[in-house]
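Chemist: Below you will find the structure I want to go over with you.
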Amino acid sequence: MLKGRLGLENARMPYADRAGLLYLARGALSARNGTLTFQQGPPDPGDALDEGNYDIPLQGVSMILLGPGSTVSHDALRLLARARTALAAVGEDGVRLYTAPPLIPDHTGLARLQARLWADDDLRLMLARRLYAWRLGEVLPHRDLNVLRGIEGARMKESYALMARQIGITWKGRRYDRSRPNAADLPNQALNHAASAVEAAAAIAVSATATIPQLGFIHEDPGQAFVLDIADLYRAELTIPVAFKAARHVQKHPGDNIERVTRRKTGQALAREKIIPAMIDRIKALIAEDSG
């Protein structure tokens, strides 16, 4: 399989017959003689492919991530549907998930386990506590979600303050007005953009594992509750430091756009740390472990 930009070529998928995910950008995905092909245009620095025409190993790929500057033909969509290979339109380096048609193989094991665990109050609490243990680095004895949320909130306040001191920015606390998003200070704006980018990566992982985004174990009401559960696992180690580094960069270079800088830095971190494959493994471990 062609080496992808996101470090996903070795991602272990829940389908034994598929190799993983493939990222393609700045080219045309089409069909030729019954085979899927990708005409790579002039690449950007860091792109994996040189300019040219490439055959795509359609039967061996679970999901194709189609990045910016790309087009897809009707015939290519027909081939993808026939092979049950998923296609997701994503932002640069996977920092946005725009659409992911449900063309994944007809395997429902993880989704069925997730639904069973979610529907049982005791099992749902068990998985929520497991998520908090992963986030906080220890298993807490508390069995009340509100108590766990309070502990996690206090830890995050400490993380914000500590990371701000380490990176060298002024931090006045987490503040965000949804009606006036650009009114926040640079660190808060950067946190919003970094969080959105990491949530997009989590959405890709959820789509790739065919799990159910609405059935979260910590988050309850949002339509992407499970996506938020997974994204929050990386808040302290990725979202906060990347956001604060972006804020420091824009403080030193006021002409740069905070959203663009933050997305770019987040995408680089996602690729460098192979976060999406790690999210896929975390989802499988969360749902399959102790599931009976």
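Readers should treat all values here as calculations from the given coordinates under stated rules, not as data from a laboratory. This is a predicted model, so every value here is computed, not measured. Methodologically, a virtual Cβ is constructed for each residue, glycine included, from the backbone with ideal geometry; neighbour enumeration extends over all protein chains shown.
Chemist: How big is the antiparallel share of DSSP beta bridges in the chain, given as a percent to the nearest 5?
Modeler: For the chain, the DSSP antiparallel bridge percentage is about 55.
Chemist: On a 26 Å Cα-Cα criterion, which of the cross-link pairs Lys245/Lys284; Lys157/Lys284; Lys157/Lys245; Lys252/Lys274; Lys172/Lys284 come out too long?
Modeler: Lys245/Lys284; Lys157/Lys284; Lys252/Lys274; Lys172/Lys284
Chemist: Size of the dipole of the chain about the Cα centre, Lys and Arg at +1 and Asp and Glu at -1 on the beta carbon, nothing else charged, in debye to 20?
Modeler: Roughly 600 debye, rounded to the nearest 20.
Chemist: Using the Cα centre of the stretch 171-256 as origin and beta-carbon charges of +1 (Lys, Arg) and -1 (Asp, Glu), tell me which of Ala194, Gly255, Pro241 is placed farthest towards the positive end of the dipole.
Modeler: Gly255
Chemist: Also: Along the charge dipole of the chain, Cβ charges K/R +1 and D/E -1, which of Val72, Val90, Thr211 sits furthest on the positive end?
Modeler: Value computed over the given set: Val90.
Chemist: Suppose the chain between Ile212 and Asp55 were pulled fully straight at 0.36 nm per residue; how much longer would it get relative to their current alpha carbon spacing?
Modeler: 53.3 nm
Chemist: Report the rotationally averaged projected area of the stretch 109-288 based on its alpha-carbon convex hull, in square nanometres.
Modeler: About 10.4 nm², averaged over all directions.
Chemist: Tell me the mean residue ellipticity at 222 nm calculated for the chain from its helices only (DSSP H runs of n ≥ 4, each -39500 (n - 2.57), averaged over every residue, nearest 500).
Modeler: That calculation yields -15000 deg cm²/dmol at 222 nm.
Chemist: To the nearest 0.05, how large is the calculated FRET efficiency for Lys172 and Arg82 if R₀ is 41 Å and r is the Cβ-Cβ distance?
Modeler: So, using R0 = 41 Å, E works out to roughly 0.15.
Chemist: What's the longest bit of the chain with no exposed trypsin sites (Lys or Arg not before Pro), using DSSP loop states and at most 11 other Cβ atoms within 10 Å as the test?
Modeler: It works out to 1-171.
Chemist: Now, a different point. Summarise the long-distance tail of P(r) for the stretch 21-99 by giving the % of C-alpha pairs beyond 21 Å.
Modeler: 19 percent
Chemist: Another one. Kindly state, to the nearest 0.05, the FRET efficiency for Leu145 paired with Glu289, given R0 = 22 Å and r defined as their beta-carbon distance.
Modeler: After rounding to 0.05, the efficiency reads 0.65.
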